Amino acid sequence: MGDSSGSVSIDMEALSLGGQEHLVETTYGPVCVAVCGDPDKPALITYPDLALNYMFCFQGLLFCPEASSLLLHNFCIYHISPLGHELGAPVISVDAPLLSADDLADQIVEVLNYFGLGAVMCMGVTAGAYILTLFAMKYRQRAVGLILVSPLCQAPSWSEWLCNKVMSNLLYYYGMCGVVKELLLKRYFSKEVRGNAQVPESDIVQECRRLLCERQSTNVWRFLEAINGRVDLSEGLRKLQCRTLIFIGESSAYHSEAVHMTTKLDRRYGALVEVQGSGSLVTEEQPHAMVIPMEYFLMGYGLYRPTRSVSPRSPLSPTRISPELLSPENMGLKLKPIKTRLSL
């Protein structure tokens, strides 16, 4: 990770708390945003997957010393929680209207305006990746790059739609019951870490199970309804001109979705990294596998290298990244557990 002069001292206890939390009032309701890092640096916004918050969805990545040094050296991180997903969140009133994925994407703009941010780098996981992709398509001048983990980009298949409807009904009538937890854990993790009759489930799965018990089930239901009503973004992806780095776990249920998304992106701007031995939540199962691809991705923006200076509030120009930085050799083709595929 570069020479010693570029090292960053990380306070792990402070990092685990995500920095200072802000409750931002928006047209669509209050949203919790945790700010971590120096606000004078360029902004990186994150958005987690269904039923997760930033503390679980990204803690594996940020507890990886190389990744935390890379990201906190270059960015101030703004962790955006879906409505009612933050720790200790109250139940959203039954009178509050259901929000669509479009509403959630529009809400991000209000959050950026609240903090006085211009163009930002984005990192999202699955449902969060869909929201950030939609945000980047609607507000092209506000997104300079996308780092997407197991992203969604198409409308739900019949099987996914049906599974989501089952979860939705269970959440609405029975809360965060055992069946819902198992469906969500299957969504996040590979079967290797989920365990079986002979092998106990891993610590990370046990921790996630405990986290799910703390979720407000009706709040999760609202986010699920928004994601299950999503539209297909495929046709608009070709016009998305910000650089996009996609990570997908080899065992992810959304593997084909990520490959499809890569083929729809302009080949000059998109790259796919397949991570072996991981489910959808690569940030928790295999965070080390994300470091080298992110290094090369950020180097193209004039970031990562400590000797390069970046104007803190100026937009990061996508034209500064060269296509060769996204080549298979540079993206880690020979480094296990990474396999890399470029846009077809």
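The values are calculated or read from the model by the stated rules, or taken from the named source; none is laboratory data. Since the structure is predicted, the reported quantities are computational estimates derived from the model, not experimental observations. When we count neighbours, we look across all protein chains shown, and the Cβ atoms used for this are built from the backbone with ideal geometry, even at glycine. Side chains included, ligands, DNA and RNA excluded: accessible areas come from the protein's heavy atoms. Shrake-Rupley method; radii C 1.70, N 1.55, O 1.52, S 1.80 Å.
If I ask for residues that are aromatic (F, W, Y) and surrounded by fewer than 24 Cβ atoms within 10 Å (Cβ to Cβ), which ones from the stretch 61-80 would you list? Steps first, please.
The initial filter retains those residues of the stretch 61-80 that are aromatic (F, W, Y), namely 63, 75, 78.
If the condition is that a residue be aromatic (F, W, Y) and surrounded by fewer than 24 Cβ atoms within 10 Å (Cβ to Cβ), then F63, F75 are the ones that fit.
I'd like to know if the stretch 80-98 contains one or more residues that are of a type in the set (G, A, S), part of a loop (DSSP other than H, G, I, E, B) and farther than 22 Å from V24 by Cβ.
Pass one, the stretch 80-98, residues of a type in the set (G, A, S): 81, 84, 88-89, 93, 96.
From the residues that got through so far, the ones that are part of a loop (DSSP other than H, G, I, E, B) too are 81, 84, 88-89, 93, 96.
Those left that are additionally farther than 22 Å from V24 by Cβ: none.
For the stretch 80-98, residues of a type in the set (G, A, S), part of a loop (DSSP other than H, G, I, E, B) and farther than 22 Å from V24 by Cβ: absent.
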Against the conditions (1) in a helix (DSSP H, G or I); (2) in contact with a Gly (Cβ under 8 Å, 6 or more places away or on another chain); (3) open to solvent by less than 10 Å² (accessible area, probe 1.4 Å), where does S168 fall short? Just the number, please.
(2)
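Applying the selection to the stretch 16-48, what residues are among the aromatic types (F, W, Y) and open to solvent by less than 20 Å² (accessible area, probe 1.4 Å)?
Y47
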Looking at the stretch 37-82, which of its residues are hydrophobic (A, V, I, L, M, F, W, C) and within 19 Å of L211 (Cβ to Cβ)?
L50, A51, L52, M55, F56, C57, F58, L61, L62, F63, I80
What are the residue pairs meeting all of these: first residue in the stretch 72-92, first residue over 18 Å from L104 (Cα atoms), second residue of a type in the set (A, V, I, L, M, F, W, C) and part of a loop (DSSP other than H, G, I, E, B), Cβ atoms under 6 Å, and 6 or more apart or on different chains?
L72/V8; H73/V8; N74/L303
Considering only residues that are modelled with pLDDT of 95 or more, open to solvent by 30 Å² or more (accessible area, probe 1.4 Å) and under 20 Å from the mean Cα position of the chain (by Cα), look in the stretch 182-206 and name the one that is farthest from S93 (Cα to Cα).
K186
Could you list, in sequence order, all residues of the stretch 25-79 that are over 22 Å from M299 (Cβ atoms), part of a helix (DSSP H, G or I) and among the polar types (S, T, N, Q)?
Q59
Here are E66, E86: which of them is acidic (D, E) and either touching a strand residue (DSSP E or B) at 6+ places or on another chain (Cβ under 8 Å) or at pLDDT 95 or above (or both)?
E86
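Let's see how each residue does on (1) at negative phi; (2) under 16 Å from the mean Cα position of the chain (by Cα); (3) modelled with pLDDT under 95:
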residue	(1), (2), (3)
R222	yes, no, no
N228	yes, no, no
E250	yes, no, yes
E257	yes, yes, no
H260	yes, no, no
Are any residues in the stretch 49-60 buried (at least 24 other Cβ atoms within 10 Å of the Cβ) and over 11 Å from the mean Cα position of the chain (by Cα), and if so, which ones?
A51
Spot the failing condition for A197; the list is (1) touching a helix residue (DSSP H, G or I) at 6+ places or on another chain (Cβ under 9 Å); (2) more than 30 Å from M121 (Cβ to Cβ), and only one is missed.
(1)
Could you please find all residues in the stretch 105-134 being touching a residue at least 60 places away in the same chain (Cβ under 8 Å), open to solvent by less than 10 Å² (accessible area, probe 1.4 Å) and part of a helix (DSSP H, G or I)?
Q107, I108, V111, L112, A127, G128, A129, Y130, I131, L132, T133
